[in-house]
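Notes follow the structure.
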Amino acid sequence: MIHSLVNWIEHRTGVGGLMRHVLYERVPGGARWRYVWGSTLAFAFFVQLVTGVILWAAYSPATTTAWGSVYYIQHEMTGGWFLRGIHHFMAQAMVVLLAIHLLQVVWDGAYRAPREVNFWMGLVLMLIVLALSLTGYLLPWDQKGYWATRVATNLVGITPLVGEKAQELVVGGTNYSHATLTRFFALHAGVLPALLIGCLVVHLALFRRHGLCAKLPLKKSDGYFWPDQVLKDAVACLAVMAVVGGLSWYFHGAELTAPADGARQYEAARPEWYFLFLFQFLKLFHGETGEIIGAIVIPGLLMAVLFAMPLLGRRPVGHYFNLGFLFAVFAGIVYLTVAAFQEDAANPELKNAKWAAKLEAEVALDLAGATDGGIPPAGARAMMREHPKAVAIQVITDQCLKCHNYQGPNGEGYNNANPTASNLWGFGRQEWARGMLDPERIVSEDFFGNTPLAAREYGMVMEFLHKSTEGGNNLEEGSGIVYTRDELDKVAWALHAKAGMDMNEEQTKLASEGEALILKDGGCTNCHLYGDAGYLGAPDLTDWGSQAWVEEMVRNPKHERMYGYLAGWDEEDKATMPTFGIEANPNSGYSDEVIAYIAQWVRGELQLGQKQE
Amino acid sequence: MSPPSREGTDLTELGSEQDRRGFIKCLAGFIGSLLFLAPLIAGAVPILAPLFRRQSSEDGPGFDVRVAPLAQVPEDGTPRSFPIYGEERNVWNYQSNVKVGEVILARNVTEGGEIRAFSTVCPHLGCSVAATEDTDLKATREAEAADEEGNTEGDQPEKDLAPAYLFHCPCHNSVFQPNGAKAALTEGKANPSPRGLDQLLPPANKPDGTLNDQGKYTFADDEGVEFVFVRYQEFFTGRSEKIAKEL
């Protein structure tokens, strides 16, 4: 029954004969592992085609919708993150496999007659794959892709004669818009894959016409593609798939940074790692001509030499030149890539920029995934510009951290190299308050060190603190010592409690002892207000560090409860923070909602719940 | 290609038959390739559409815009960036009063505190520049200050009070001086920018609509509050010449 059905199909279609033709390709010298690379590339492309089309079914190419649809794929759609991760990492795997394939073809001299045309076809395929990476990078319309693509398209613009027009055609106008995305998407999902399929068919047909370029000497008798080589190819493809699947699993899909905003700077802009060598290369050239040489002429010449390899390689010496050239280029690429990584690793500003970018991405994901909110129809950029939580994060990275530091004990957080205000890391907690009560640390850059307050208050606060601690824990009557070190620890616990920070029983006990110490005669309340005691000769400690206190401090630091006591001092403006509340600063202040989020962040309580599915 | 031969063809008719076949080949080839090109020709015009759209206002690319009260530009010369609000045409979407970019404003304290306005777009390849502390200059000044302390007698040189900063691009290390000029190359690194940081011009017209022929940046409103205005423009990157783009 089955046999007769097979016969029927074979008679009507001839498919069996075709399969035999495809599968029983002669493999000179038998199947070998070294022949698998071309197959892994074809397989990688097949994976990209399938995952790409499924992503397409969920993607929306407009500046108002692109980020949201990719957010949805990555964080809402069941299994979407894994699919996107595979597409993302397989794209990178393809670049690596391409490099291996190219090196091997040149090493084996497989570009020589009669295979020249197929070698050229391979180079065209390589360029198409690189163009696919470049166009795909923009599609999520996040800050990372947006700024990298701005650089890439501006490079198109410097091409002599046609550059300006070519850039306008690629971008779809003079500015980045919906048209940029629709065009990039048409290239990425339509034009380039179609070209790739066309070239791949020719590449494979020519490969079959010329036969496999066997590595001599042959070690075994000839074999067939099926099943020996197919098994080896399949194992290699399985390995590629496993690595890519593993990466996607490990990194939970692919990164999605904050929504693109051309009017918001992105200091962490970097291309994908396999283009880093070009990025680094561009730093070496300067001026208009230099740039054309670095970005167009030299890469163009390199490609020209690659295309000329079959002609150069006719003689043995030419083949050795080709090999030497290719290895020199690869060595150069590796060197530049390493140099780019090293330079970036040694760049504290980039570290800060990445930290800020991560915070912004987190708030974007938080808002997009909020159960009582989400991305408005106006788009993710509008959400980031208007939602108080997003605005608060931008105020923190753009303004707070221009003066404040936010650095943890192990160098984590944001490292402001020249802080002119306190280090906000751990604000409100006992350790922070205790640092403020340390005569050496209070004049360090973590607190008042780089402000005029250090000098002004030295005679008062510092002297007070010196007196408090010089005697260590030996509090002797008449020594002028107000608090012992242990007592200052307790005072700090009292402040920790006032700030409403978490504490255990033991710490609660210390805090209540500390509270009594605050009220001690000649102690804190000598200058600070604390409940009914003391007066406003210094900031009010009544509810120090609480949400309300921090909000008031951010809203109007010149308020009488805060640094109002400095009013009239000629260095008042330098010593106090700018006012951020809309009431105190109608021109560039922020609403109470924004201030509340900033205060939450200062207190380490800002919830940025990223959805994990 | 020659067709398969047919049996029984009259050899005397072969000549005219060949002519006829030749004509058919030409015609079929012509119509065939025309058909192949038809969708491409129809598609070429819309694809090239961005090149046909040109809308320049009378006074050239860009627009005049009120940036901020003068009081918000730091008096000590520290640069500060301000958002620019304007119209945004995004193909089929239109929005007015939307943030379209940023400008950096600074007072030139060494020359009478005049306003300087810069584009934040790096002229190299379009990343955004920001002011960063000029650590070298700061160190030099600190060293000078230390020298002065040890050597108080005699005339003291006039102190340069301008804040020590540079404009720095985080992408390819372009660096610009406070006046926008390209900063000198440092320790073997190239400064890749083809030109200095783009200075924004004063508005073409005063707020009352008359020509701003004195090139002023600041104008008072009805209540006497001084505001900074600029001509907001964006420029082509990667060229030594500063050419404004149509927005």
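Taking region A:273-291 as the range and being within 30 Å of residue B:84 (Cβ to Cβ) and more than 7 Å from chain B (Cβ to nearest Cβ) as the test, only A:279 passes. Among the residues of region A:405-426 satisfying the criterion of being under 23 Å from the mean Cα position of the chain (by Cα) and touching a residue at least 24 places away in the same chain (Cβ under 8 Å), which is surrounded by the most Cβ atoms within 10 Å (Cβ to Cβ)? Within region A:405-426, the match that is surrounded by the most Cβ atoms within 10 Å (Cβ to Cβ) is A:414.
Taking region B:187-211 on its own, how many of its residues are in contact (Cβ under 8 Å) with a residue 24 or more places away in the chain, outside any strand (DSSP E or B) and not charged (D, E, K, R)?
11
Looking at A:251, A:275, A:285, just one residue is at pLDDT 90 or above and outside the structural domain of residue A:43 (by TED's automatic domain parsing), and that residue is A:275. Which residues, taken from region B:77-112, are within 12 Å of another protein chain (Cβ to nearest Cβ), touching a Gly at 6+ places or on another chain (Cβ under 8 Å) and among the hydrophobic types (A, V, I, L, M, F, W, C)? Those that are within 12 Å of another protein chain (Cβ to nearest Cβ), touching a Gly at 6+ places or on another chain (Cβ under 8 Å) and among the hydrophobic types (A, V, I, L, M, F, W, C): B:84, B:91, B:98, B:100. Residues that are touching a Leu at 6+ places or on another chain (Cβ under 9 Å) and of a type in the set (Asp, Glu) were ranked within region A:239-272; the one that is farthest from the other protein chains (Cβ to nearest Cβ) is A:272. Selection within region B:216-247: residues that are among the aliphatic types (A, V, I, L, M), open to solvent by 20 Å² or more (accessible area, probe 1.4 Å) and not in a loop (DSSP other than H, G, I, E, B). The member of this set that is farthest from the other protein chains (Cβ to nearest Cβ) is B:220. In the condition set (1) at pLDDT 95 or above; (2) open to solvent by less than 20 Å² (accessible area, probe 1.4 Å); (3) not aromatic (Phe, Trp, Tyr), residue A:109 is compliant with all but (1). Among the residues of region A:125-136, is there at least one that is open to solvent by less than 40 Å² (accessible area, probe 1.4 Å), closer than 19 Å to residue A:56 by Cα, more than 14 Å from every other protein chain (Cβ to nearest Cβ) and among the hydroxyl-bearing types (Ser, Thr, Tyr)? Yes, region A:125-136 contains at least one residue that is open to solvent by less than 40 Å² (accessible area, probe 1.4 Å), closer than 19 Å to residue A:56 by Cα, more than 14 Å from every other protein chain (Cβ to nearest Cβ) and among the hydroxyl-bearing types (Ser, Thr, Tyr).
Among the residues of region A:23-54, those that are among the aliphatic types (A, V, I, L, M) and open to solvent by less than 60 Å² (accessible area, probe 1.4 Å) comprise A:23, A:27, A:31, A:36, A:41, A:42, A:44, A:47. The single residue among A:402, A:351 that is without any contact (Cβ under 8 Å) to a residue 40 or more places away in the chain, within 14 Å of another protein chain (Cβ to nearest Cβ), open to solvent by 30 Å² or more (accessible area, probe 1.4 Å) and in a helix (DSSP H, G or I) turns out to be A:402.
If you check A:357, A:364 for being among the hydrophobic types (A, V, I, L, M, F, W, C), in contact with a helix residue (DSSP H, G or I) (Cβ under 9 Å, 6 or more places away or on another chain) and closer than 25 Å to residue B:95 by Cα, only one passes: A:364.
The single residue among A:538, A:497, A:516, A:492 that is outside the structural domain of residue A:589 (by TED's automatic domain parsing), farther than 17 Å from residue A:464 by Cα and open to solvent by less than 60 Å² (accessible area, probe 1.4 Å) turns out to be A:497. For residue A:359, the test of being of a type in the set (A, V, I, L, M, F, W, C), in the same structural domain as residue A:491 (by TED's automatic domain parsing) and within 27 Å of residue A:501 (Cα to Cα) is failed. Need at least 1 residues that are under 46 Å from the mean Cα position of the chain (by Cα), farther than 29 Å from residue A:211 by Cα and not β-branched (Val, Ile, Thr) per element, so show me which helices (runs of 4 or more DSSP H) inside region A:1-94 make the cut, counting only ones lying wholly within it. Counting at least 1 such residues, we get A:37-56, A:66-75.
For every residue, the table says whether it meets (1) aliphatic (A, V, I, L, M); (2) under 23 Å from residue A:38 (Cβ atoms); (3) in the same structural domain as residue A:356 (by TED's automatic domain parsing); (4) surrounded by fewer than 17 Cβ atoms within 10 Å (Cβ to Cβ).
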residue: A:142; (1), (2), (3), (4): no, no, no, no
residue: A:151; (1), (2), (3), (4): yes, no, no, no
residue: A:166; (1), (2), (3), (4): yes, no, no, yes
residue: A:186; (1), (2), (3), (4): yes, no, no, yes
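Listed conditions (1) closer than 19 Å to residue A:122 by Cα; (2) touching a residue at least 12 places away in the same chain (Cβ under 8 Å); (3) open to solvent by 30 Å² or more (accessible area, probe 1.4 Å) are all met by residue A:221, apart from (1). Just checking, does region A:56-72 include any residue being under 30 Å from residue A:321 (Cβ atoms) and open to solvent by less than 20 Å² (accessible area, probe 1.4 Å)? Looking for residues that are under 30 Å from residue A:321 (Cβ atoms) and open to solvent by less than 20 Å² (accessible area, probe 1.4 Å), one finds none in region A:56-72, hence no. The single residue among A:173, A:157 that is touching a Pro at 6+ places or on another chain (Cβ under 8 Å), open to solvent by less than 20 Å² (accessible area, probe 1.4 Å) and within 9 Å of another protein chain (Cβ to nearest Cβ) turns out to be A:173.
Within region B:131-182, the residues that satisfy the criterion of being at pLDDT 80 or above, among the small types (Gly, Ala, Ser) and more than 19 Å from residue A:418 (Cβ to Cβ) are B:174, B:180, B:181. Considering B:98, B:129, B:65, B:121, the condition of being open to solvent by 20 Å² or more (accessible area, probe 1.4 Å) and aliphatic (A, V, I, L, M) is satisfied by B:121 alone. Could you please let me know if residue B:139 is free of Cβ contacts under 8 Å to residues at least 12 places away in the same chain and open to solvent by less than 70 Å² (accessible area, probe 1.4 Å)? Yes: the conditions hold for residue B:139.
Looking at region A:371-394, which of its residues are β-branched (Val, Ile, Thr) and surrounded by fewer than 19 Cβ atoms within 10 Å (Cβ to Cβ)? Of everything in region A:371-394, just one residue is β-branched (Val, Ile, Thr) and surrounded by fewer than 19 Cβ atoms within 10 Å (Cβ to Cβ), namely A:371. Checked against (1) open to solvent by 20 Å² or more (accessible area, probe 1.4 Å); (2) touching a strand residue (DSSP E or B) at 6+ places or on another chain (Cβ under 9 Å); (3) at the interface with chain B (Cβ under 9 Å from one of its Cβ atoms), residue A:182 passes all but condition (2). Among the conditions (1) buried (at least 20 other Cβ atoms within 10 Å of the Cβ); (2) under 21 Å from residue A:426 (Cα atoms); (3) in contact with a Gly (Cβ under 9 Å, 6 or more places away or on another chain), the only one that residue A:546 does not satisfy is (1). Determine whether residue B:47 is more than 30 Å from residue B:218 (Cβ to Cβ), within 11 Å of chain A (Cβ to nearest Cβ) and at pLDDT 90 or above. Criteria met by residue B:47.
The values are calculated or read from the model by the stated rules, or taken from the named source; none is laboratory data. Bear in mind that the values here come from a model prediction, so they are computed numbers and not experimental data. In this analysis, Cβ positions are derived from the backbone assuming ideal geometry, glycine residues included, and neighbour counts consider all displayed protein chains. SASA here: full protein model, heavy atoms, side chains in, ligands and nucleic acids out. Shrake-Rupley method; radii C 1.70, N 1.55, O 1.52, S 1.80 Å.
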